[in-house]
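A short worksheet on the structure shown next.
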Amino acid sequence: MKIIVAIKQVPVRDSQLRVEASGRWIQENDLSFEINEPDAYALEEALQLKEKHGGEVIALCAGPARAAQTIREALAKGADRAIHIEEENLNTLDTLGVAKLLAGAVKAENPDLILTGLQSDDLGYGQTGVVLAELMGIASSTIIMQVEVNGQSIRVKRELEDGWFQHIGMPLPAVLTIQSGINKLRYATLMGIKKAKLKEIKKVTVSELGSAASTATIDKIYVPHKSKQTQIFEGDAKTAAAKLVEKLKFEVRVI
């Protein structure tokens, strides 16, 4: 079974973010980076499926040269090889643009299954997996909590609302977006780190994969404005309480 896992390198959580001079992205020169946490769960699910059914796991990452560090981490955890789409300005591409790059790289591999995280920690669009499936013309499903392989088909468990779940049968090949927390993440062992240095990382350029032009752009990003405001409710306790409840329900929307 050949499984491709799409991973992304993102700034370390709790990083102090600053907007760059253009106002369209953050300053990256003083940041540390790591694998996108939802993608780490997708990688873990792929590795467990490989352990049960055999085959290989291929890590697929689009990003600048520094993304090689994240790719090596995936290889150290157990991925067999990797594909690195070199793109220094990945943040200038929208979901469709990124999905086109991934689809171009995946096409030559002819995988049985493609896994992605539910969303990225930086932009959080949550669309790349389903757009990728649409471009490839194959089945897809989202918010996956469990995957069972049955020959040339799979049965998945999706998380819905209010504790409800949905079970779906799907043909292969397919694209699944994995819910965070589906498994316990493994650490890279010392032996895994050593082996990762010898594993193949195939580098491809955007020009080799064809057009990835965006249909949407980020015009401006900014730090949310914080303000404090005090409001005093006149009248007796019952009247003031009624006004407070109304504010909390219809303006603040916390009840």
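The values are calculated or read from the model by the stated rules, or taken from the named source; none is laboratory data. Only a predicted model underlies this, so the values are computations on that prediction, with no experimental measurement involved. Cβ placement follows ideal geometry from the backbone for every residue including glycine, while neighbour counts extend to all protein chains displayed.
Checked across the stretch 102-120, the condition of being among the hydroxyl-bearing types (S, T, Y), under 30 Å from D219 (Cα atoms) and free of Cβ contacts under 8 Å to residues at least 40 places away in the same chain holds for no residue.
Could you tell me which residue of the stretch 115-161 is farthest from K2 (Cα to Cα), considering only residues that are within 13 Å of the chain's Cα centre (by Cα) and of a type in the set (D, E)? Filtering first and then ranking leaves D122.
In the stretch 3-11 there is at least one residue matching the filter, namely being surrounded by fewer than 20 Cβ atoms within 10 Å (Cβ to Cβ), under 14 Å from the mean Cα position of the chain (by Cα) and at pLDDT below 95. The residue of the stretch 28-45 that is surrounded by the most Cβ atoms within 10 Å (Cβ to Cβ), among those that are among the polar types (S, T, N, Q) and at pLDDT 90 or above, is N36. I'd like to know if the stretch 128-144 contains one or more residues that are at pLDDT 95 or above and loosely packed, with under 10 Cβ neighbours inside 10 Å. Yes, some residue in the stretch 128-144 is at pLDDT 95 or above and loosely packed, with under 10 Cβ neighbours inside 10 Å. Residues that are surrounded by 10 or more Cβ atoms within 10 Å (Cβ to Cβ), more than 22 Å from the chain's Cα centre (by Cα) and part of a loop (DSSP other than H, G, I, E, B) do not occur anywhere in the stretch 214-229.
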